[in-house]
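Engineer: Before we start, here is the structure in question, set down as C-alpha cells.
The values are calculated or read from the model by the stated rules, or taken from the named source; none is laboratory data. These figures come from a predicted structure and were not determined experimentally. No Cβ is skipped: glycine too gets one built from the backbone with ideal geometry, and neighbour counts run over all protein chains shown. Side chains are part of the model used for accessible areas, which takes the heavy atoms of the whole protein and leaves out ligands, DNA and RNA. Shrake-Rupley method; radii C 1.70, N 1.55, O 1.52, S 1.80 Å.
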Amino acid sequence: MATNNGLPKLSIEFKGLGVSAIARGEKGYAVLIVEDDTPGIQKQKYTTISDFGSDEQKKFDPENVLFIKDALEGAPLALYVFKLGTDGTLADLLNKIKGIIPRNSWITVQTSISENQNDLVTFVKGENKNNKKRYKAMAYKVTTADSMHVVNQTNEEVEFNDDRGIKSGEYALSYLLGFYAGLSMMMSGIAKPLKFKSVKEPENLEEAISNGEHVLFNDEGEVRVARAVNSLVTTGEGVTEEMTHINTVEKMDLIFCDIYKAWNNSYKGKYPNILDNQMLLISSINGYFKSLAKDKILDPNFDNKSMVDIEEQRLANYSKWGEETVNSWDDSYAMKMTVGTKVFLKGNIKITGIMEDFFFDIFM
C-alpha cells in the first residue's frame, strides 16, 4: 500500500489580501523561442546588445536577428534564446527549457502558429501550478488564457519605425517580452511610449481590456499600452481583481520566489520541526517583509507579517489526536503541536499598486 510520502512540500499561496528587492525588481529574465533552422547551438544567452554582435547574428536567420534585437531593447537582466526547428516540437523544447531558465521568467514563442501559442500557455499554467514555477507567458490571441501569468496581446497589426513597416500583431511579441522583463517594478507598463509608429486598435478598447486582452493604442503620436493587464478574468475566493495587473503579479512572484529560495537554501531539511525553529523562520520572513515595505513593494502603512497557521495545524493533528482533543487545545498549545515534517504558515500582506487612475472633481 502506497504512503502519502513524496518530495517535501512547500506551499506559499497568496490568498488575495490584496535596497535589494528594488535591485532585483528592476529587471527580470526573458526567454525568446524563435523558429529557426540555421545550424548552430540551440540555446544562447545575452545580457546586453553588445553580446549580440555580428558573429552571434550569423547563428540566426535575418528576421530572427531583428526579433532578438527587439527583445534586447527592453534591457532584461538576461535574454535566453532558443531555436525551434521544423523537425522539432515546441512541447519537447519547453521540457528542455524548464531545466535551464530561472524560476521567475517571461517567455514567448515568436510564431504565427496558434497551436504553439496555446501550447506555451498550457506549459506555463502547468509548471506554475505543479512545479512551483513563476513563469509568465507573453502570448498572442490565445483562447485558453484567463490566468494572471498569461499576457494575451491582441492587436491585429503593428507598424514598426524601421523598414519592416506594417506587420501582423504577433510581430510585437519579442519586443513586449523584453519590455516587460526589463521594466522596473516601480513602474507600470503604461508609463513608457513604445517603439511602434502605430497600431491597429480593437473596435472597443474598454471591452477588450475587460475581457483580459493586452492591447496597445495610439496616443497623440505615440504608441502605449492601454492598460497593463494580464488575461485573468475569473476572480473569486483567493483571486482578486488586483491580480489582473501585471505589476502586482510581478511583486507577488518576487516574494514567492525569494521565500521559496530562502526555504530551499537555508531551512529545508536542516532543523528539527519544533515551534522554536518555526518562529526563527517566521522572524526571517517578517524581516524580509519589512525590507519590502521600506522599498514600497509592500505598503509601509500596513502590518505585513507571517505567522503559524493554527487552523491548518489543528486539522493536521486530527488524525493522530482526534478532533475533540485537538479542539480542546488553546492556540498557544496548538502552535507547539507541530506535525511531522510539515510547516504550516500563513501571511497577511498588502502589495502596493501603481498610480494609474486619476479622479479629480472640481466644484465651482
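Engineer: Among the residues that make up region 326-338, is at least one of them open to solvent by 80 Å² or more (accessible area, probe 1.4 Å) and within 32 Å of the chain's Cα centre (by Cα)?
Structural biologist: Scanning region 326-338, I find no residue that is open to solvent by 80 Å² or more (accessible area, probe 1.4 Å) and within 32 Å of the chain's Cα centre (by Cα), so the answer is no.
Engineer: Taking region 107-121 as the region of interest, how many residues are small (Gly, Ala, Ser) and either buried (at least 20 other Cβ atoms within 10 Å of the Cβ) or assigned to a loop (DSSP other than H, G, I, E, B) (or both)?
Structural biologist: Qualifying residue count, region 107-121: 1.
Engineer: Consider only pairs whose beta carbons are under 9 Å apart and that are at least six residues apart or on different chains; among these, list those whose first residue lies in region 348-360 and is in a loop (DSSP other than H, G, I, E, B) and whose second residue is at pLDDT 95 or above and open to solvent by 100 Å² or more (accessible area, probe 1.4 Å).
Structural biologist: LYS350/ASN301
Engineer: A follow-up question, please. Among what's in region 285-317 and is assigned to a helix (DSSP H, G or I) and open to solvent by 60 Å² or more (accessible area, probe 1.4 Å), pick the residue that is nearest to MET186 (Cα to Cα).
Structural biologist: Step by step, filter region 285-317, then rank; the result is LYS294.
Engineer: Does LYS69 satisfy the condition of being surrounded by fewer than 18 Cβ atoms within 10 Å (Cβ to Cβ) and within 22 Å of the chain's Cα centre (by Cα)?
Structural biologist: no
Engineer: What strands (runs of 3 or more DSSP E), lying completely within region 183-230, carry at least 1 residues that are within 26 Å of THR352 (Cβ to Cβ)? If you could, list the steps in order and put the result at the bottom.
Structural biologist: Numbers: elements: 196-199, 216-219, 222-225.
Once the strands (runs of 3 or more DSSP E) in region 183-230 are filtered for at least 1 residues that are within 26 Å of THR352 (Cβ to Cβ), what remains is 216-219, 222-225.
Engineer: Let me ask something else about it. Please state which one of GLY178, GLY126, GLY165, GLY169 is at pLDDT 95 or above, at positive phi, open to solvent by less than 40 Å² (accessible area, probe 1.4 Å) and not aliphatic (A, V, I, L, M).
Structural biologist: Details: GLY178 fails: at positive phi; GLY126 fails: at positive phi; GLY169 fails: at positive phi.
Criteria check complete, one pass: GLY165.
Engineer: Shifting gears a bit: From the list ALA262, ALA208, which one is surrounded by fewer than 16 Cβ atoms within 10 Å (Cβ to Cβ) and among the hydrophobic types (A, V, I, L, M, F, W, C)?
Structural biologist: Sole residue among the options that is surrounded by fewer than 16 Cβ atoms within 10 Å (Cβ to Cβ) and among the hydrophobic types (A, V, I, L, M, F, W, C): ALA262.
Engineer: Give region 22-64 a look and list any residue that's of a type in the set (Val, Ile, Thr), surrounded by 15 or more Cβ atoms within 10 Å (Cβ to Cβ) and farther than 21 Å from SER184 by Cβ, or say none.
Structural biologist: Within region 22-64, ILE33, VAL34 qualify.
Engineer: Now a separate question. Scan region 91-106 and tell me whether some residue there is assigned to a helix (DSSP H, G or I), in contact with a helix residue (DSSP H, G or I) (Cβ under 7 Å, 6 or more places away or on another chain) and open to solvent by 10 Å² or more (accessible area, probe 1.4 Å).
Structural biologist: Scanning region 91-106, I find at least one residue that is assigned to a helix (DSSP H, G or I), in contact with a helix residue (DSSP H, G or I) (Cβ under 7 Å, 6 or more places away or on another chain) and open to solvent by 10 Å² or more (accessible area, probe 1.4 Å), so the answer is yes.
Engineer: Could you list, in sequence order, all residues of region 241-271 that are touching a helix residue (DSSP H, G or I) at 6+ places or on another chain (Cβ under 9 Å) and of a type in the set (Ser, Thr, Tyr)?
Structural biologist: Hits for region 241-271 are THR248, SER266, TYR267, TYR271.
Engineer: Something else about it: Return yes or no: is ASN116 more than 17 Å from the chain's Cα centre (by Cα), at pLDDT 95 or above, more than 19 Å from VAL65 (Cβ to Cβ) and not β-branched (Val, Ile, Thr)?
Structural biologist: It is true that ASN116 is more than 17 Å from the chain's Cα centre (by Cα), at pLDDT 95 or above, more than 19 Å from VAL65 (Cβ to Cβ) and not β-branched (Val, Ile, Thr).
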